Amino acid sequence: MPQLQGGSEAGLGKRTLGVPALVFMIVAASAPLTVVAGGTTSNFAVTEVLGIPLSFIVLGACLALFTVGYAAMSAHISNAGAFYAYIAQGLGRAAGVGAAWVALVSYNAMQVGIYGLFGFASASFVSAKLGVNVPWWATALVGFLAVGWLGVRKVDLSAKVIAVLVGLEFVAVLVFDIIAIAVAPEGISGASMDPANLFTAGVGAALAFSIAAFMGFESAAIYSEEAKDPKRSIARATYIAVAVISLFYAFSGWATATATGHSQIIAKSQEFGPDLIFVFLTEHGGMLLADIAQVLFVTSLFAALMAFHNAVARYVFSLAREGVLPRRLAYVNPESFAPVAGSLSQSVLALVMLAVFAIAGIGSELGALYPVLTFFTWLTNTGAFGLVLLLVLISAAVIGYFRKHGEGYSLWTKLIAPAMAVVTLGSVFIVIVANFNVLIGSEGASTLSWLLPAVAVLPGVAGLGWGLYLKSARPDIYVGIGHGGTDN
């Protein structure tokens with residue numbers, strides 16, 4: 001690792017990110033336009049549950065419970081490893097290593113899988129507008145190069161790019177919402193926000209779909225070593241992000257149902273899928289507005305790619321800095337303070353997976369939808385599965401951590417709220433397991449319905465074993481696990 005003045009090891013850039021930048025990073029990972037255009041309509045279509053908009057409020061409440069303890073813990077621990085450090089200090093160092101490996105696999109799966117939808121959406125748009133048949137992997141490769149370039153630059157540059165893209169996404173969705181309410185072919189109705197229309201036979205699958213929209217909300221802590229005021233800004237950014245995401249998605253989901261009429265939303269979603277809002281905008285806002293929305297759909301995916309790429313790079317840096325991964329992976333550019341080794345390693349993995357799926361898709365019967373139905377669907381749902389598991393473990397870690405460091409905190413903060421989060425998010429995790437075949441579009445039980453979750457969980461078991469090995473064979477490394485960076 002490079003040396004700075006005084007002989008200290010180079011670390012991440014200090015005091016560059018404020019609360020607004022952190023919020024944009026978080027919201028970018030959840031990809032607002034992607035969720036509204038793709039996630040919400042797919043949820044309506046697959047589950048046939050009308051109360052999808054209400055599911056965002058329900059899940060927002062669950063994640064608010066999680067945030068109580070998580071935010072309190074962020075005032076004590078500033079570590080780019082986030083989940084890794086929290087679980088190591090709350091449940092034990094070996095458990096922290098296991099969690100870190102689950103996080104690495106999950107964040108990588110989320111990031112890499114998005115290239116499938118990004119490639120499909122961008123290639124489809126280019127082909128439609130230029131009349132040129134562009135393969136999905138070609139446009140995905142362009143996105144890959146841009147992500148890789150930004151990933152080794154200063155984090156505030158990525159934050160500025162993401163802030164602009166996310167801001168434009170919100171404008172696009174709000175324009176759609178306004179037009180939807182103005183058109184309202186069946187009038188204004190609250191049917192999709194009625195609990196009776198959510199808590200039906202399909203509620204499990206509906207919640208399993210909707211939780212993916214929040215993934216990345218916890219990522220503020222990953223930037224704690226680069227935040228201007230980590231003791232306060234991490235908590236504030238997380239609370240704001242949970243509120244914004246849940247309320248914005250609930251409102252926009254309701255507007256989507258209002259656009260077609262609540263009696264037609266399920267059938268229309270099954271007919272048009274992610275194209276539903278673009279078809280609507282073409283009919284009621286004109287071709288230009290629809291084209292702008294489709295461009296922003298692509299940039300929404302790019303912003304999510306950047307957010308998850310940055311998260312993975314910082315996890316690699318954190319683990320390598322403490323010797324859990326090879327230390328050379330902790331290399332940081334002394335000028336940009338970017339975790340270059342972590343960024344490049346993530347890029348290499350993304351490129352390999354992109355090549356694998358591009359080759360595997362040659363001549364596929366799925367046609368143009370191949371990268372969406374396989375690359376995107378399989379990997380992002382695997383990533384969401386792993387991240388929800390980590391949310392449950394973090395909630396338990398909060399309780400463990402505040403048993404020793406709980407002075408000055410209320411019983412609500414250090415026990416009741418995190419315990420409720422364990423129960424509620426644990427229930428969501430069980431629901432995801434039970435409905436995983438639905439999430440990946442598989443008819444009934446299949447090899448993929450257990451193999452993909454295993455891809456997220458087994459590294460955690462291996463990581464736990466590696467942590468125990470370090471305890472006995474390398475106690476000098478083991479004692480520092482989860483304690484890198486700055487503990488406040």
Residue 100 - would you say it is on the phi < 0 side of the Ramachandran plot and in contact with a Leu (Cβ under 8 Å, 6 or more places away or on another chain)? yes
Report, ordered by the first and then the second residue, all pairs with beta carbons closer than 6 Å, sequence separation of six or more or different chains, a first member in the range 446-467 that is closer than 20 Å to residue 480 by Cβ, and a second member that is open to solvent by less than 50 Å² (accessible area, probe 1.4 Å) and part of a helix (DSSP H, G or I). 463/97; 463/98; 464/94; 464/98; 466/97; 467/94; 467/97
Can you say whether residue 119 is on the phi < 0 side of the Ramachandran plot, in contact with a Ser or Thr (Cβ under 7 Å, 6 or more places away or on another chain) and assigned to a helix (DSSP H, G or I), as far as the supplied structure shows? yes
All helices (runs of 4 or more DSSP H) inside the range 377-441 with 3 or more residues being open to solvent by less than 40 Å² (accessible area, probe 1.4 Å), among the hydrophobic types (A, V, I, L, M, F, W, C) and under 22 Å from residue 205 (Cβ atoms): 377-405, 417-434
Unmet requirement for residue 342, which otherwise passes all of (1) more than 22 Å from residue 441 (Cα to Cα); (2) open to solvent by 20 Å² or more (accessible area, probe 1.4 Å); (3) without any contact (Cβ under 8 Å) to a residue 40 or more places away in the chain; (4) not aliphatic (A, V, I, L, M): (2)
Within the range 466-488, count every residue that is at pLDDT 85 or above, part of a loop (DSSP other than H, G, I, E, B) and open to solvent by 20 Å² or more (accessible area, probe 1.4 Å). 3
Within the range 433-465, residues under 18 Å from the mean Cα position of the chain (by Cα) and at pLDDT 90 or above come out as 452, 453, 455, 456, 457
So how many residues does the range 263-281 have that are in contact with a Leu (Cβ under 8 Å, 6 or more places away or on another chain) and open to solvent by 20 Å² or more (accessible area, probe 1.4 Å)? 2
Picking from 125, 176, which residue would you name as being in a helix (DSSP H, G or I), in contact (Cβ under 8 Å) with a residue 24 or more places away in the chain, among the aromatic types (Phe, Trp, Tyr) and open to solvent by 20 Å² or more (accessible area, probe 1.4 Å)? 125
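The values are calculated or read from the model by the stated rules, or taken from the named source; none is laboratory data. This structure is a prediction, so every number in the text was calculated from the model and none was measured. Ideal geometry is used to build each Cβ from the backbone, glycine not excepted, and the neighbour counts take in all protein chains shown. What goes into the accessible areas is simple: the full protein's heavy atoms, side chains included, and nothing from ligands, DNA or RNA. Shrake-Rupley method; radii C 1.70, N 1.55, O 1.52, S 1.80 Å.
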